[in-house]
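Asks: Mind having a look at this structure? Questions to follow.
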Amino acid sequence: MPSILVQTSSLELTDKNEDTITIDEFSEGTHEKISSPSFKGDDEEWSVPISFNANGDSVSGILYYSSGLEGINVNSFSISEVPEHLTVASEPDFEFEEHDEGE
């Protein structure tokens, strides 16, 4: 069954006026395999760039995950680029969910 990446908590930013910007939508780039299993049954390691639109400004990060016999698990996510006038108040969380191809 295919899996899709879903955001399970919001990205929260603050601007220079201390106003909070909450972002619940993201775009994912091309998934790239960064390591293959060394032994049968080991996981593959992958990365994918993630971007957010913050009222016309771009915020980006990278998500690392593993894929193997136990499924797909998010290992980490970190913001890599934020415009100078914004501050990250809370980073989002992600997970992979299985879904039917008909959905």
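What follows draws every value from the coordinates through simple rules; no lab data is involved. Keep in mind that what you see is a predicted model, and the values were worked out from it rather than measured. Note that each Cβ is placed from the backbone with ideal geometry, even for glycine, and that neighbours are counted across all protein chains shown.
Asks: Can you compute the equivalent ellipsoid semi-axes for the chain, i.e. the square root of 5 times each eigenvalue of the Cα gyration tensor, sorted largest first and rounded to whole Å?
Replies: 30, 15, 10
Asks: Starting from the Cα of Glu84, step 7 Å along the direction of its Cβ; do the same at Ser51; then give the gap between the two resulting points in nm.
Replies: Reported label-point gap for Glu84 and Ser51 is 2.2 nm.
Asks: Loop-only check: which trypsin sites (Lys or Arg not before Pro) in the stretch 1-87 are DSSP coil with at most 16 other Cβ within 10 angstrom?
Replies: Lys16, Lys40
Asks: Dividing the convex hull volume of the alpha carbon atoms of the stretch 23-79 by its residue count, what do you get in Å³ per residue?
Replies: 76
Asks: Which whole number in µm²/s is D for the stretch 3-53 by Stokes-Einstein, with the Kirkwood Rh taken over Cα pairs at 4 °C and 1.567 mPa s?
Replies: D, rounded to a whole number, is 94 µm²/s.
Asks: Which one of Pro49, Pro92, Pro83 has the biggest mean-square fluctuation once the chain is modelled by GNM with Cα springs under 10 Å?
Replies: Pro83
Asks: Can you find, among Leu13, Ser38, Val59, the residue farthest towards the positive end of the dipole of the chain? Put +1 on the C-beta of Lys and Arg, -1 on that of Asp and Glu.
Replies: Of the candidates, Ser38 comes out farthest on the positive side.
Asks: While we're looking at this one, here's another question. Would you tally the net charge around Asp24, using a Cβ to Cβ cut-off of less than 12 Å, leaving Asp24 out, and scoring K and R as +1, D and E as -1?
Replies: Net charge around Asp24: -3.
Asks: Test of understanding: what is the full-extension gain from Ile62 to Val74, defined as 0.36 nm times their sequence separation minus their Cα-Cα distance?
Replies: 3.2 nm
Asks: Starting from the Cα of Thr14, step 7 Å along the direction of its Cβ; do the same at Lys40; then give the gap between the two resulting points in nm.
Replies: 5.5
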